[in-house]
Amino acid sequence: MDLSVVIVSYNVRYFLEQALLSVERAVRGLEVEVWVVDNHSADGSVELVRERFPWVRLIANHHNPGFSVANNQAIRQSSGRYVLLLNPDTVVEEDTFRRCFDFMEAHPAAGGLGVRMIDGTGRFLPESKRGLPTPWVAFTKAFGLARLFPRSRRFNHYHLGYLPQNETHAVEVLSGAYMWMRRKTLDEVGLLDEAFFMYGEDIDLSYRILLGGYQNYYLPTTTIIHYKGESTRRGSLNYVRVFYQAMIIFARKHYAGSQARALVWLMQAAIYVRAALTLLANAWKHLRYPVLDATGIYLGLRVLKSVWANYHFGNPNYFAEHLNYLHLPAYTLLWVGCIFLGGGYDRPAEGGRLLRSMGVGTLLLFAVYGLLPEALRPSRALLLLGAAWAGAWTLSLRSLLHLFRFGNLRWGVPSDQRLLVVGSNAEAERSLQLLQRAGARRNYLGRIVPPGDDAGEQSIGRAEQLHKLVHLYRAEEIIFCSANLSNEAIQRWMSSIGPELQYRILPEASASIIGSQRSDQRGTLYTIDVKYRIDDPANRRAKWLLDKGLALLLLLLSPFLSWFLPSAGRRATAALRVLAGHQHWVGYAAADPQPSVLPRLKTGVFHPGSGTSVSDAETLQHLDFLYARDYRLADDWRIFWRGLWEKESSKA
């Protein structure tokens, strides 16, 4: 046996499908066994492997023992002369395995090998080649010096940024996403250290390979896509904690004395520093619009007050001083609060939503103003001028921020993505049907004929002209049909065209279109990006309010409802669970765990099929999809009312 490929999977069914399809192409010409170790996924990954890839050797764990344990399970049972640890969120080229095999055969001193990796936008991933995290290297990584000086030998040894990405190099650390290792080396240095649950195990094993007298290499002559779909989202507090705790385990294991203490101290300090920076960054990300809105509105109101007092009353001190500390802050908070409740901060680029929220806030202000005593009503004209200023300021602020970021002022203009499809006519039609089924709107520009295919009808050019066609049609998104294209060609186009476009891949005979646009976040975009209305924060808030309101109302009326409402006692118990936040009134029909492709919801007392005769799983799953995609608050009320009168609730 030449090679044993080991893939550990956890709730990444759609990525796993594409990875196995690419592996199936890459094994040709070699004697290869492929192992998939599933760590108790809830998304049907096990069933997928059994049904579509019967040639894969499957280990289905009944719990999640972690990355290291799962890899070791398969390695111990495998028999290949070489072992490849491969992430499920990767796509390998057709010649990747052959090139790696030939390199290792020609370099007997090589114990491990990594390859060039790009993300879902075609960007080179610097973790393709890494250095050991000595105290100085860890310091430059943890405190941002490596990012500030990416090509510096002194400050970016962690990613070996001073080594060209297109040249073969001896390196210190391989990426766990693609670790090709010699079986003889593993027999000597040992398998993955199971003290590492996630992160750090690749650094530890790479270091032990070096200590064993072998060399690790970086090979750029073949490229893989790594969507980076880890279970911990990068940029989150949990990622900071897990990653740097893994570095502490590594330091205590491999360093001694002052060097170990220094590295542990640095990692502990990094946890607090990076956690604080993460909190600040997340806070600014969510609060920048409200803070800037409130600051501009309040300062503008103070200027307007002085101008109006001087212009209309001829006295700059006409208004009482308490106006600055009572009325104006109240006006500001009410306008900002209405923007928040109206969803204006969830989608700041929607001018219509912003103006509607400002209008509601102004009407509320005038209503409250009319109820106040005469002594607390300073000026209706000032209130009207303030409303005009608040609207002008919030619109201008968004225009300026959009101009600074994108270089244009078309921030409020919604438009569908301009899409090209590269593939045969049949595959292009299939991709458009999948888009339609998913409810994903696109401005379809046309089909690009793949290499070796007849142009036929309904095409706008050939793949050889793809770069020109992208610019000519101002395309924003490309779907590659892998049934008609090699993975090598897809990756070459992604890298050469660049990250300005969005790239998706339609795997052969798959019902999913896969892509990921952020390399610094969890790769959760398993299928084409459906816009689920249930995920709109404004709709989430409305759903929460409706849940609590209906629960309180039901509890208040329960003594009377018991006379004619079926199972009134059970409804009251359900209302208590909803009020406590353990359930929604309306959730998905699918039993827990929920389908991983839908936005998460708590279990529901009722579901979209409640009060109907529908019971088959496929129809209920489709109802769940439609409920999440097309959600309206009225849907919850309708389903609640329909389910309320059932003699037995289908979900309790």
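The values are calculated or read from the model by the stated rules, or taken from the named source; none is laboratory data. All values derive from a computational prediction rather than experimental measurement. When we count neighbours, we look across all protein chains shown, and the Cβ atoms used for this are built from the backbone with ideal geometry, even at glycine.
Brief remarks follow.
- Flag for E477 being within 23 Å of T90 (Cα to Cα), modelled with pLDDT of 90 or more and either in contact with a Lys or Arg (Cβ under 7 Å, 6 or more places away or on another chain) or among the charged types (D, E, K, R) (or both): yes
- Any hit, region 59-78, residues being of a type in the set (K, R) and either in contact (Cβ under 8 Å) with a residue 40 or more places away in the chain or outside the structural domain of S175 (by TED's automatic domain parsing) (or both): yes
- Cβ-Cβ contacts under 6 Å between residues 6 or more apart (or on different chains), taken from a first residue in region 419-433 that is within 19 Å of D454 (Cβ to Cβ) and among the acidic types (D, E) to a second residue that is surrounded by fewer than 20 Cβ atoms within 10 Å (Cβ to Cβ) and at pLDDT 90 or above, are listed as E427/A483.
- Any hit, region 424-444, residues being in the same structural domain as S496 (by TED's automatic domain parsing) and farther than 29 Å from L626 by Cα: yes
- Of the residues making up region 35-80, those that are hydrophobic (A, V, I, L, M, F, W, C) and over 28 Å from the mean Cα position of the chain (by Cα) are W55, V56, A74, I75.
- Each residue in region 14-44 was checked for being under 15 Å from S510 (Cα atoms) and either buried (at least 24 other Cβ atoms within 10 Å of the Cβ) or at pLDDT 90 or above (or both), and 10 of them qualify.
- Residues in region 114-142 that are among the hydrophobic types (A, V, I, L, M, F, W, C) and modelled with pLDDT under 90: 6 in all.
- Given (1) in a helix (DSSP H, G or I); (2) in contact with a helix residue (DSSP H, G or I) (Cβ under 6 Å, 6 or more places away or on another chain); (3) not assigned by TED's automatic domain parsing to the domain that holds Y298, number of the condition G361 does not satisfy: (3)
- The helices (runs of 4 or more DSSP H) falling completely within region 112-212 that include 2 or more residues that are of a type in the set (D, E) map to 183-189, 201-211.
- Of all residues making up region 598-650, the number that are surrounded by fewer than 18 Cβ atoms within 10 Å (Cβ to Cβ) and in contact with a Leu (Cβ under 8 Å, 6 or more places away or on another chain): 4
- When each of L355, L371, L304, L334 is tested for being surrounded by 13 or more Cβ atoms within 10 Å (Cβ to Cβ) and over 37 Å from the mean Cα position of the chain (by Cα), the lone residue that passes is L304.
- Considering region 411-515, the qualifying helices (runs of 4 or more DSSP H), each wholly inside and each with 2 or more residues that are within 23 Å of the chain's Cα centre (by Cα) and surrounded by 20 or more Cβ atoms within 10 Å (Cβ to Cβ), run over 425-438, 487-497.
- Inside region 599-636, residues that are assigned to a loop (DSSP other than H, G, I, E, B), of a type outside the set (K, R) and at pLDDT 80 or above make up a count of 9.
- Residue pairs whose Cβ atoms lie under 7 Å apart, separated by 6 or more positions or on different chains, with the first residue in region 545-567 and within 30 Å of L341 (Cα to Cα) and in the same structural domain as V605 (by TED's automatic domain parsing) and the second aromatic (F, W, Y) and surrounded by 16 or more Cβ atoms within 10 Å (Cβ to Cβ), are D547/W585; L550/W585; L550/F640.
- For region 118-157, the set of residues classified as among the basic types (K, R) and either surrounded by fewer than 22 Cβ atoms within 10 Å (Cβ to Cβ) or under 30 Å from A489 (Cα atoms) (or both) consists of R123, K129, R130, R147, R151, R153, R154, listed by residue number.
- Filter pass, P88 being touching a residue at least 60 places away in the same chain (Cβ under 8 Å), buried (at least 19 other Cβ atoms within 10 Å of the Cβ), under 26 Å from Q502 (Cα atoms) and not basic (K, R): yes
- Filtering region 399-440 to residues that are modelled with pLDDT under 80, within 19 Å of A511 (Cβ to Cβ) and among the basic types (K, R) leaves only R437.
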